[in-house]
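The values are calculated or read from the model by the stated rules, or taken from the named source; none is laboratory data. Just so we're clear, the structure is a prediction, and the values are computed from it rather than from any experiment. In this analysis, Cβ positions are derived from the backbone assuming ideal geometry, glycine residues included, and neighbour counts consider all displayed protein chains. Just the protein is used for accessible areas: all its heavy atoms, side chains included, with ligands, DNA and RNA removed. Shrake-Rupley method; radii C 1.70, N 1.55, O 1.52, S 1.80 Å.
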Amino acid sequence: MKSIKSRLSPRQFLLLLSLCIGLASGLAANLLKWLIHSIEHLLTKGFIITQGNIMYLVYPCVGILLSALFIKFIVRDNIGHGVTKILYALSRNQGFIKGHNCWSSVVASAITIGCGGSVGAESPIVLTGSAIGSFFGRITGMDHRTLMILIGCGASGAVAGIFKAPIAGLVFTIEVLMIDLTMASLVPLLVSCAAAACVSYFISGTSTMFDFNLTSSFCVERVPACAMLGILCGLISLYFTRVMNRFERLFGKIRSLPGKFLLGSVVLALLIYLFPPLYGEGYGTIETLLHADNANEAEAVLNNSWFYGHSSLLLLYLTLIVLVKVFATTATNGGGGCGGTFAPSLFLGCIGGYVFANLWNLSAPFGIVIPYTNYALLGMAGVMSGVFHAPLTGIFLIAELTGGYQLLVPLIIVSAVSYITIHSFEPHSIYSMRLARRGELLTHDKDQSVLTLMKLDELTDVSRPTLVPEMTMGKMLQVVSTSKHLHFGVVNAGGVLLGIININELRNIIFRSELYNTFTVQQLMKPPKDIIRTDYSMLEVVAHFSSHDNSTLPVVNPDGVLVGFITRNRLFSEYREIMKDFSQE
């Protein structure tokens with residue numbers, strides 16, 4: 001690889017790497033899909049559709065258990081919340097993603113979903129693709145900025161490969177991972193997306209993931225229905241996001257792995273037994289509803305359940321699924337499984353859109369009737385846009401998944417309204433809210449992104465000697481004479497900061513040797529004008545420097561123990577260097 005690198009320009013080598021990453025991501029995506037479908041087919045091929053199946057109480061528990069044991073004893077690392085881990089790697093971990101993520105998420109999610117886990121394979125494969133990008137970047141010695149692009153190439157290639165949606169892969173990386181859209185990043189992302197999509201075309205043909213036939217063209221009279229569906233999708237997204245966070249916190253309070261497994265497996269198994277469409281990704285249900293021009297065709301959703309044959313309860317059944325899906329998804333991951341929220345958001349959107357169309361047509365306001373299948377498709381875009389705060393991803397993904405470009409205008413309306421609705425309540429997506437609360441989220445605001453990439457511990461000078469209160473001035477001058485700095489901390493026996501000595505303020509007495517034994521450090525020190533705590537975000541650090549016009553500030557931990565000092569010059573010098581990297585084309 002080094003010999004090839006030496007023969008190519010940096011630009012050419014980056015494009016070669018993006019091609020390799022796209023091919024690898026596409027292969028990984030197709031391998032994961034094959035594993036999931038093979039396991040699911042093996043386990044469920046003998047099920048009787050006219051009644052509930054007792055094995056729905058067994059398979060999900062086995063899947064969570066096997067996945068949890070695999071993660072604990074073989075991987076020995078947390079591989080959950082795949083996209084969140086990527087965002088953290090980009091913002092706080094210099095683009096480093098552990099090597100095992102190139103394969104561990106594939107194995108764990110295949111076991112989880114194939115056995116019935118009510119999650120999606122997309123987040124695990126996005127983490128896999130990003131890990132592949134990180135791996136290629138590290139073995140070829142790429143700098144931090146290029147490494148971010150390669151991680152984006154892996155993520156976009158994974159989305160393009162698993163959905164056969166190259167444009168959606170590109171837009172996802174820009175919207176969700178916050179990779180800046182410059183020519184330096186755009187072309188590698190495009191190469192990776194195209195390569196991954198071609199791998200999928202070669203393996204499974206060029207047909208779209210869902211076979212969708214437009215039954216009725218869009219007309220202006222249906223704009224109000226689209227807007228109302230957008231509001232509903234935004235509210236569904238808000239419900240899904242908030243309930244998931246609260247249910248996750250419940251799992252977080254359980255410390256033992258058996259306790260988490262017991263809660264997660266019981267909740268998941270019972271829900272799947274009552275509502276079999278919750279089994280796995282739910283793409284079979286989506287396929288059914290996208291072809292259900294009438295209630296009779298939609299009855300297939302009731303297969304394998306105790307509701308079979310009760311078509312009059314179909315809308316109630318689907319509404320209950322919308323309400324409980326979030327518990328099934330969270331129970332899967334909380335109990336020890338591995339999966340994401342791509343498929344659940346598409347699943348919820350499809351059902352929500354289908355139910356909305358049925359309810360609308362019951363009253364048919366102004367005599368306007370809307371097609372069930374079209375609005376099931378529009379709902380998929382709406383909920384995805386709301387959950388991920390990514391309207392462009394929702395629009396292009398659904399258009400590419402189904403070939404439904406004829407519905408581009410209503411897709412835009414539903415996605416935009418859904419995003420506006422949820423953004424009024426939740427400013428961050430389900431992936432980014434955890435990092436945003438800690439100030440560790442990259443955004444398209446370059447100032448904010450630069451501050452996010454900076455690390456307080458790397459800017460803190462920990463080499464300065466410390467002083468104690470009872471130390472004489474003469475002894476103090478001996479201690480600080482070897483240092484080039486002017487500010488020093490005074491601490492007690494436990495290291496807690498008591499005050500600051502500024503040598504500049506003592507120039508009128510430090511040259512009078514007759515006073516060396518007269519004054520002690522306690523008499524000379526002053527309380528700090530301000531302090532920086534180690535748990536402050538860089539935005540807060542900058543604010544402290546700006547508000548008090550300080551050149552040097554002490555850094556302490558939450559217990560008040562002195563860690564070191566940070567200077568304005570070093571802070572803004574680092575800021576300028578990172579901003580320079582961001583601004584290079």
*asked:* Going through GLU470, GLU505 one at a time, which residue ends up being among the charged types (D, E, K, R) and in contact with a helix residue (DSSP H, G or I) (Cβ under 8 Å, 6 or more places away or on another chain)?
replied: GLU470
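Do we have any residue at all in segment 166-179 that's under 16 Å from LEU377 (Cβ atoms), touching a Phe, Trp or Tyr at 6+ places or on another chain (Cβ under 7 Å) and assigned to a helix (DSSP H, G or I)? Write out each step before concluding.
Initially, segment 166-179 is screened for residues under 16 Å from LEU377 (Cβ atoms), giving 168.
Those left that are additionally touching a Phe, Trp or Tyr at 6+ places or on another chain (Cβ under 7 Å): 168.
From the residues that got through so far, the ones that are assigned to a helix (DSSP H, G or I) too are 168.
Looking for residues that are under 16 Å from LEU377 (Cβ atoms), touching a Phe, Trp or Tyr at 6+ places or on another chain (Cβ under 7 Å) and assigned to a helix (DSSP H, G or I), one finds at least one in segment 166-179, hence yes.
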*Only residues that are of a type in the set (Gly, Ala, Ser) and either surrounded by fewer than 18 Cβ atoms within 10 Å (Cβ to Cβ) or assigned to a helix (DSSP H, G or I) (or both): list them for segment 300-335, please.*
ALA300, GLY309, SER311, SER312, ALA328, ALA331, GLY334
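What residue, of VAL176, VAL187, VAL220, is out of contact with any helix residue (DSSP H, G or I) (no Cβ under 8 Å at 6 or more places or on another chain) and β-branched (Val, Ile, Thr)? It would help to see each step written out before you state the result.
Working: VAL176 fails: out of contact with any helix residue (DSSP H, G or I) (no Cβ under 8 Å at 6 or more places or on another chain); VAL187 fails: out of contact with any helix residue (DSSP H, G or I) (no Cβ under 8 Å at 6 or more places or on another chain).
It is VAL220.
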*Any chance you could count how many residues in segment 357-395 are more than 25 Å from ARG242 (Cα to Cα) and assigned to a helix (DSSP H, G or I)?*
13
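Of everything in segment 180-215, what is small (Gly, Ala, Ser), modelled with pLDDT of 90 or more and not in a loop (DSSP other than H, G, I, E, B)? Give them in sequence order.
SER192, ALA194, ALA195, ALA196, ALA197, SER200, SER204
Give PHE396, PHE356, PHE342, PHE366 a once-over and let me know the one that is of a type in the set (A, V, I, L, M, F, W, C) and within 20 Å of GLU299 (Cα to Cα).
Among PHE396, PHE356, PHE342, PHE366, only PHE356 is of a type in the set (A, V, I, L, M, F, W, C) and within 20 Å of GLU299 (Cα to Cα).
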*Here are THR452, THR460: which of them is within 43 Å of the chain's Cα centre (by Cα), at pLDDT 90 or above and either within 25 Å of PHE572 (Cβ to Cβ) or open to solvent by 40 Å² or more (accessible area, probe 1.4 Å) (or both)?*
THR460
_Count - residues of segment 511-562 that are open to solvent by 30 Å² or more (accessible area, probe 1.4 Å), part of a strand (DSSP E or B) and more than 24 Å from MET471 (Cβ to Cβ)_ = 1
*Selected residue (only one of PHE136, PHE210 is open to solvent by less than 20 Å² (accessible area, probe 1.4 Å), touching a residue at least 40 places away in the same chain (Cβ under 8 Å) and over 17 Å from the mean Cα position of the chain (by Cα))*: PHE210
*Condition met for PHE342 (modelled with pLDDT of 95 or more, of a type in the set (Phe, Trp, Tyr) and in contact with an Asp or Glu (Cβ under 9 Å, 6 or more places away or on another chain))*: no
*Search segment 140-157 for residues that are on the phi > 0 side of the Ramachandran plot and pair each with any residue that is assigned to a helix (DSSP H, G or I) and surrounded by fewer than 24 Cβ atoms within 10 Å (Cβ to Cβ) when their beta-carbon atoms are under 9 Å apart and the residues are at least 6 apart or on different chains.*
GLY141/LYS2; GLY141/LYS5
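Just to verify a result, which residue in segment 235-294, among those that are polar (S, T, N, Q) and under 20 Å from SER429 (Cα atoms), is surrounded by the most Cβ atoms within 10 Å (Cβ to Cβ)?
Here is the first cut: in segment 235-294, the residues polar (S, T, N, Q) are 237, 241, 245, 256, 265, 285, 288, 294.
Next, only the ones that are under 20 Å from SER429 (Cα atoms) stay: 237, 241, 245.
On the way: SER237: 31, THR241: 24, ASN245: 15.
Result: SER237.
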*Please enumerate the residues belonging to segment 491-510 that are more than 11 Å from PRO528 (Cβ to Cβ) and in a strand (DSSP E or B).*
VAL491, VAL496
